[in-house]
1. For segment 255-265, name all the residues that are open to solvent by less than 90 Å² (accessible area, probe 1.4 Å) and part of a loop (DSSP other than H, G, I, E, B).
2. Report, ordered by the first and then the second residue, all pairs with beta carbons closer than 7 Å, sequence separation of six or more or different chains, a first member in segment 250-266 that is farther than 17 Å from VAL195 by Cα and charged (D, E, K, R), and a second member that is open to solvent by less than 50 Å² (accessible area, probe 1.4 Å) and assigned to a strand (DSSP E or B).
3. Of everything in segment 198-225, what is surrounded by fewer than 12 Cβ atoms within 10 Å (Cβ to Cβ) and within 34 Å of the chain's Cα centre (by Cα)? Give them in sequence order.
4. Go through segment 205-222 and give me each residue that's part of a loop (DSSP other than H, G, I, E, B) and not hydrophobic (A, V, I, L, M, F, W, C).
5. Considering only residues that are out of contact with any Ser or Thr (no Cβ under 7 Å at 6 or more places or on another chain) and either within 15 Å of VAL282 (Cβ to Cβ) or without any contact (Cβ under 8 Å) to a residue 40 or more places away in the chain (or both), which ones fall in segment 216-229?
6. Suppose the filter is hydrophobic (A, V, I, L, M, F, W, C) and under 13 Å from LEU283 (Cα atoms); does LEU189 pass it?
Amino acid sequence: MKKIFFVAAALTMILATSCKDERRNAPVEDTTVRDSLQAIIDQKDNEVNDMMTTLNQIQEGFREIALAENRVSIAKDGERTDKAQQIRENIQLISSTMKSNRELIEKLQQQLRESSVKADGLKETIESMLKQLEDKDKQLVQLRSELDSKDIHIAELDETINNLNTNVENLTTESNEKTNTINAQDKQLNTAWFVFGTKKELKEQHILDSGDRVLQSNFNNSYFTKIDIRVDKEIKLYSKSARLLTMHPSSSYTLQQDANKQYVLRITNPQLFWSTSKYLVVLVK
């Protein structure tokens, strides 16, 4: 559980740093700005406190599970006649606590999605906690095998394992769906399109109209080349004459000739370059 303490400390540091920065930048004489900054600080404070509370609850749940597992281990190896009842009670506790921890982890995931606090380390901690629950599931399956070998059959254990398998399957499906959604959104956010051509070619594709305006009508989107702005930062234009027709900040790129006197567009600041438009049109001759 060291990772949980680390993330809790990290969340606290994020809040403290944010508070210091915001207080340092707030004009003392401007009450409105100061109040706005205080509202932001209070919001982050509440979000961090909520997430830390949930983390502590999950940690306590894992502690109770460990204690119950220890009691089961002692009972199954003991000689007492009531050990089946002891095992049954502790398995019920383990089952309910694991169910509670799953619900708390889902709550923590929701809190993280809705929070304005950026805590990437918390995502790793959540994955680690889900892995812990998966390991506990496997241990319960192993426990059933050990108890069967001792002629101790606990009906509640069968029900618990069946419920856990269903929960794990549902969580895995939900996690995969969310991962796929995030990946798709991330890919979309980092996708751009470019095209270069002569005036005649661009007009034929309705990219350039008669008034030398770009992307004004139903242009041929398939004529563009799709790129990943995080990867593709250099575009060879294969021409000794080149001019950007779409608007992009001049400080975010260079347009230089190579050894063959042909222009090459190098994007030095992708986020800034593509901030005005995800479409790039270059006129060449």
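The values are calculated or read from the model by the stated rules, or taken from the named source; none is laboratory data. Being a predicted model, the structure only gives us computed values, none of them experimental. All Cβ positions, glycine included, derive from the backbone under ideal geometry; neighbour counts span all protein chains shown. Calculation scope for accessible area: heavy atoms of the full protein, side chains included, ligands and nucleic acids excluded. Shrake-Rupley method; radii C 1.70, N 1.55, O 1.52, S 1.80 Å.
1. ASP258, GLN262
2. That search, which allows pairs on different chains as well, returns ASP258/VAL264.
3. SER222
4. Hits for segment 205-222 are GLN205, HIS206, ASP209, SER210, GLY211, ASP212, ARG213, GLN216, SER217, ASN218, ASN220.
5. If the condition is that a residue be out of contact with any Ser or Thr (no Cβ under 7 Å at 6 or more places or on another chain) and either within 15 Å of VAL282 (Cβ to Cβ) or without any contact (Cβ under 8 Å) to a residue 40 or more places away in the chain (or both), then GLN216, SER217, ASN218, PHE219, ASN220, ASN221, SER222, TYR223, PHE224, THR225, ILE227 are the ones that fit.
6. no
To keep it simple, each residue is scored yes or no on (1) exposed (fewer than 14 other Cβ atoms within 10 Å of the Cβ); (2) modelled with pLDDT of 75 or more; (3) out of contact with any Phe, Trp or Tyr (no Cβ under 8 Å at 6 or more places or on another chain); (4) not basic (Lys, Arg).
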site	(1), (2), (3), (4)
LYS76	no, no, yes, no
ILE87	no, no, yes, yes
LYS99	no, yes, yes, no
ILE105	no, yes, yes, yes
GLN109	no, yes, yes, yes
ALA119	no, no, yes, yes
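Results for (1) among the polar types (S, T, N, Q); (2) under 23 Å from GLN262 (Cα atoms); (3) loosely packed, with under 12 Cβ neighbours inside 10 Å; (4) at pLDDT below 85, shown as yes or no for each residue.
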{"residue": "LEU171", "(1), (2), (3), (4)": "no, no, no, yes"}
{"residue": "LYS178", "(1), (2), (3), (4)": "no, no, no, yes"}
{"residue": "GLN185", "(1), (2), (3), (4)": "yes, no, yes, yes"}
{"residue": "ASN190", "(1), (2), (3), (4)": "yes, no, no, no"}
{"residue": "PHE196", "(1), (2), (3), (4)": "no, yes, no, no"}
